[in-house]
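The block underneath contains the structure these notes are about, expressed in structure tokens.
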Amino acid sequence: MNYSTTDLQGLKDFYQNQLLNDTVPFWFPRSIDTEFGGYLLMRDQDGSLIDDDKAVWIQGRAAWLLSTLYNTVEPKQEWLDGAKSGIDFLNNHCFDTDGQMFFHVTREGQPIRKRRYYFSETFAVIAMASYAKASGDEAAAEKARYLFGKCIEYSTTPGLLAPKFTSTRPSKGIGVPMIMMNTAQQLRETIGDPRCDEWIDTWINEIETYFVKDDIKCVMEQVAPDGSIIDHIDGRTLNPGHAIEGAWFILHEAKYRNNDPRLIALGCKMLDYMWERGWDKEHGGILYFRDVYNKPVQEYWQDMKFWWPHNEVIIATLLAYTMTGDAKYAEWHKLVHDYAYNKFHDKENGEWFGYLHKDGTIAQTAKGNMFKGPFHLPRQEWYCLEILKEHLDKQL
């Protein structure tokens, strides 16, 4: 199948309506904590609060969203003010005395947990960069660039952060080059940083060299330091939605570089490999974990359908279609879009449920928790809107 111009216009209108009249209103303004700052995001199906703790990742992600809406959709003062609440909370409460960020804090900002990695920092980078663009706040811009440098340091200096495992079976994951690439893209496209292009090249090369396996048509989640497959349960476990998120980061870079054909081919290849491994041909939807050799997967949630992989696959398939015109990507986009908005979307209360069983029935009703909040879904709707606006404008 192919999408007609009318079809694409309809999709643009749909994503815009969902973003601005369904997803964002579920979260804001009610999630802004007017007493302590930041956001109260752990919410049930109807928006009622189920916990007032704050996940630092999602404090940064929410501030990024509000700033990005201000920068790209409409300069609403309420969005800018809401973003500032998150930025101030991050600065005032989410950094330990050693400079590392916390992972989990109380409503008031008292620390509960730190983790061994620096994803809180990467989300703070994109939040502060987007907020700096929106507000003109030079201190936020300086902090974003400083934290980006710290993330580079963390990612390239063995032993700087406490390791999760011993040195017995060394490995490296695709998550680091992926998140660092996207962090650099966001930084570059908001306030700019001269380090971004060279580092993005480095991270794309790492993904292509070590994680993309053409011989078995797969994108690995983790590998040995030399790129070989670690033939143990953890080493064999694939996360198709995560790899496809990496695919669209690379397609985004290809687009930024005037449709670089090598990067388009790489991104599409990653999407092709992991669609084949991840799409549930029986029930529809993206399976959460698979084994590279089709052996049993350890985690009990391996055949569930989580919200966020569907957001990433919706983006990747639409981006691949608009960049290549290949009809299979239109077909895949329609499959995943229709499945996700039929199964995850809460038509009564807005937003999406986070977790489905394999057959597509709802596993639990939470819309927000330590990992789910206003990020993957609104980012998908916003980015698809941006893709389609640009694509349709070129056709006029």
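Work out how much length K76 to D393 would gain on full extension: take 0.36 nm times their residue separation and subtract the Cα-Cα distance, in nm to one decimal.
111.7 nm
For the range 364-373, in order, what is each residue's ³J(HN,Hα) by Karplus, 6.51 cos²θ - 1.76 cosθ + 1.60 with θ = phi - 60°, in whole Hz (x at glycine and Pro)?
Whole-Hz 3J(HN,Hα) from phi for the range 364-373: 7, 9, 4, 9, x, 8, 5, 10, 9, x.
Would you mind calculating the relative contact order of the range 1-103 from Cα pairs under 8 angstrom and at least 6 residues apart, reporting the percent as a whole number?
Value for the range 1-103: 22 percent.
Based on DSSP H runs of at least 4 residues, each adding -39500 (n - 2.57), what is the mean residue ellipticity at 222 nm of the chain after dividing by all its residues, to the nearest 500 deg cm²/dmol?
Per the formula, -17500 deg cm²/dmol.
Shape verdict for the chain, please, from the Cα gyration tensor: rounded (a/c under 1.5), prolate (a/b greater than b/c) or oblate.
Note, shape of the chain comes out rounded.
In what sequence, largest accessible area first, do I174, I362 appear using a 1.4 Å probe?
I362, I174
Using the Karplus equation 6.51 cos²θ - 1.76 cosθ + 1.60 (θ = phi - 60°), what ³J(HN,Hα) coupling, rounded to whole Hz, does each residue of the range 28-35 give in order, writing x for Gly and Pro?
These are the phi-based 3J(HN,Hα) values: 10, x, 5, 7, 6, 7, 6, 8 Hz.
Considering only protein heavy atoms, what per residue accessible area in square angstrom results for the chain with a 1.4 angstrom probe?
41
5 Å is the cut-off here: which amide hydrogens, built 1.01 Å from N in the peptide plane, fall below it relative to Y39, excluding neighbours closer than 5 in sequence?
D33
Using Cα springs under 10 Å in a Gaussian network model of the chain, which residue among Y256, Y210, Y321 shows the largest mean-square fluctuation?
Greatest mean-square fluctuation among the candidates belongs to Y256.
Which whole DSSP H helices in the chain pass both tests: a Cα extent of 18 Å or more along the axis and a mean Kyte-Doolittle value no lower than -0.5?
Correct list, ordered by number: 56-72, 119-135, 138-156, 175-190, 240-256, 261-278, 307-324.
Can you give the extra length, in nm with one decimal, that the chain gains between T97 and T157 once fully stretched, where that is 0.36 nm per residue apart less the Cα-Cα distance?
The T97-T157 span can extend by a further 19.6 nm.
Starting with the highest mean, order 108-116, 146-154 by the number of other Cβ atoms within 10 Å, averaged over the residues of each peptide.
Ranking the peptides 108-116, 146-154 by packing returns 146-154, 108-116.
So, in nm, how far is label N17 from label I233 when the simple model puts each one 7 Å beyond its Cα toward the Cβ?
Simple spin-label model gives 4.7 nm for this pair.
What list of ³J(HN,Hα) couplings, whole Hz, do you get for the range 96-113 from phi and the Karplus terms 6.51, -1.76, 1.60, once you set θ to phi - 60° and write x for glycine and proline?
Along the range 96-113, the couplings run 6, 5, 8, x, 6, 9, 7, 10, 8, 10, 6, 4, 6, x, 6, x, 10, 8 Hz.
Given a cut-off of under 8 Å on Cα pairs at least six residues apart, what relative contact order in percent is computed for the range 177-306?
Averaging sequence separation for qualifying contacts and normalising by length gives 20 percent for the range 177-306.
Suppose a student asked you for the relative contact order of the chain, using Cα pairs under 8 Å spaced at least 6 residues apart; what percent would you report?
18
Taking amide H positions as placed in the peptide plane 1.01 Å from N, state which residues far from C218 in sequence (5 or more) or on other chains have amide H under 5 Å from it.
K213
Heavy atoms only, probe 1.4 Å: what % of the accessible area of the chain goes to carbon and sulfur, would you let me know?
Exposed carbon and sulfur together represent 49 percent of the surface.
Can you list residues from other chains, or at least 5 along the same chain, whose modelled amide H is less than 5 Å from the amide H of N369?
For N369, whose amide H was placed from the backbone, the distant partners under 5 Å are R43.
Say a paramagnetic label sat at a point 7 Å from the Cα of T365, along Cα to Cβ; which residues of the range 24-51 have their backbone N under 15 Å from it?
43-51
The values are calculated or read from the model by the stated rules, or taken from the named source; none is laboratory data. Since we're looking at a predicted model, the values are computed, not measured. Quick reminder, even Gly has a Cβ in these numbers, built from the backbone with ideal geometry, and neighbours come from all protein chains shown. Heavy atoms of the whole protein, side chains included, go into the accessibility calculation; ligands, DNA and RNA do not. Shrake-Rupley method; radii C 1.70, N 1.55, O 1.52, S 1.80 Å.
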